[in-house]
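One structure below.
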Amino acid sequence: MPHTASSPIVDLRDLRLDTAISLVGHDAVAHPAPPTPTPTPTQYLQRLIDGLCDLSLKDPLTGLANRRHFQAVLEREIDRVTRSGEAALLLMLDIDRFKQVNDTYGHPAGDRVLQAVARTLSECVRPMDTLARYGGEEFAVVLPACQAAFGKAVAERIRRTIAATPVRIDSTTVLDITISIGGAYALQWIRSTTPLWTDRADHQLYQAKLDGRNRVCIEQQPDSTVTAEEKGMLFGPLYTPSGWGDLTAMNLNDSAH
């Protein structure tokens, strides 16, 4: 009978956890959780691990998903669209003239604008959508099962909501903030890549900026369905030395022999 060693008991005092505890504790101050009973050592260590995992996937300023997490979500969505053929829309959103906010009012004011925009965006998306701070003043959201007929309307609703939500940066100053939005649909039934999908949406965002900002540009959904003609080429008449024949009939004739 093979020998099975018992699992060793880890003494938390033997682990160098000061930095990890400090990181999770700092996040707990910014995002306090409801009080819980005193945990057991195992529960304490698991909560610490969970907290570190959460920090690695979250933008510390806005609390949204960070770029690393968002890239993983895009990979999964591309895989889903490739297998299912369902629609999925990627939106890239950029705060208009954000540099002027930092230059005029200072970076703390810019941080408050980013946090306010993040809160408003969070209220505009569905639980099934993934919203992230992509970098600087740029945000991104992937919307699964978003049909082409509704994508422009969804993006316009987000744009209007931001424009209608002034941001207070101090007791005397309120700023009107606008965003530009670019969007692109995933290629249905085709294995694409996250850089290609992101570049297509970024190109539309750049176009929205060129067109005057505070507007939406959505790439027309590519038609990657198989046409009747293509189906005929795949499954229709088949050329043989004796001429064109029907593939189905030939299969039946072959099975008869």
### Message
Among the listed residues 90, 114, 121, 131, identify the single one that is in the same structural domain as residue 194 (by TED's automatic domain parsing), assigned to a helix (DSSP H, G or I), under 22 Å from residue 197 (Cβ atoms) and at pLDDT 95 or above.
### Response
121
### Task
Take segment 113-141 and flag every residue that is within 15 Å of the chain's Cα centre (by Cα) and more than 16 Å from residue 58 (Cα to Cα).
124, 125, 126, 127, 128
## Note on the structure
Of the candidates 149, 153, 140, the one satisfying the condition of being in a helix (DSSP H, G or I), at pLDDT 95 or above, among the small types (Gly, Ala, Ser) and out of contact with any His (no Cβ under 9 Å at 6 or more places or on another chain) is 153
### Residues within segment 103-130 that are of a type in the set (S, T, N, Q) and under 14 Å from residue 168 (Cα atoms), tallied
2
### Query
Since residue 123 meets every condition but one in (1) under 18 Å from residue 202 (Cβ atoms); (2) in contact with a helix residue (DSSP H, G or I) (Cβ under 8 Å, 6 or more places away or on another chain); (3) surrounded by fewer than 22 Cβ atoms within 10 Å (Cβ to Cβ), which condition does it not meet?
(1)
### Query
Out of segment 165-205, which residues are among the hydrophobic types (A, V, I, L, M, F, W, C) and assigned to a helix (DSSP H, G or I)?
196, 197, 201, 205
### Query
Condition test on residue 145, is it over 16 Å from residue 209 (Cβ atoms) and crowded, with 24+ Cβ neighbours inside 10 Å?
no
## Note on the structure
Taking first residues from segment 95-123 that are among the polar types (S, T, N, Q) and second residues anywhere that are surrounded by 18 or more Cβ atoms within 10 Å (Cβ to Cβ), the pairs with Cβ under 6 Å that are 6 or more apart or on different chains are 102/110; 115/62; 120/162
#### Entry: Matching residues, segment 155-167, being touching a residue at least 12 places away in the same chain (Cβ under 8 Å) and more than 21 Å from residue 210 (Cα to Cα)
161, 165, 167
### Message
List the residue pairs whose Cβ atoms are under 7 Å apart, where the first residue sits in segment 169-188 and is of a type in the set (Lys, Arg), the second is in a loop (DSSP other than H, G, I, E, B), and the two are 6 or more positions apart or on different chains.
### Response
none
### Message
Looking only at segment 180-221, filter to residues that are among the small types (Gly, Ala, Ser) and out of contact with any strand residue (DSSP E or B) (no Cβ under 6 Å at 6 or more places or on another chain); which one of those is modelled with the highest pLDDT?
### Response
212
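The values are calculated or read from the model by the stated rules, or taken from the named source; none is laboratory data. Since the structure is predicted, the reported quantities are computational estimates derived from the model, not experimental observations. Please note: Cβ atoms are built from the backbone with ideal geometry, for glycine as well, and neighbour counts cover all protein chains shown.
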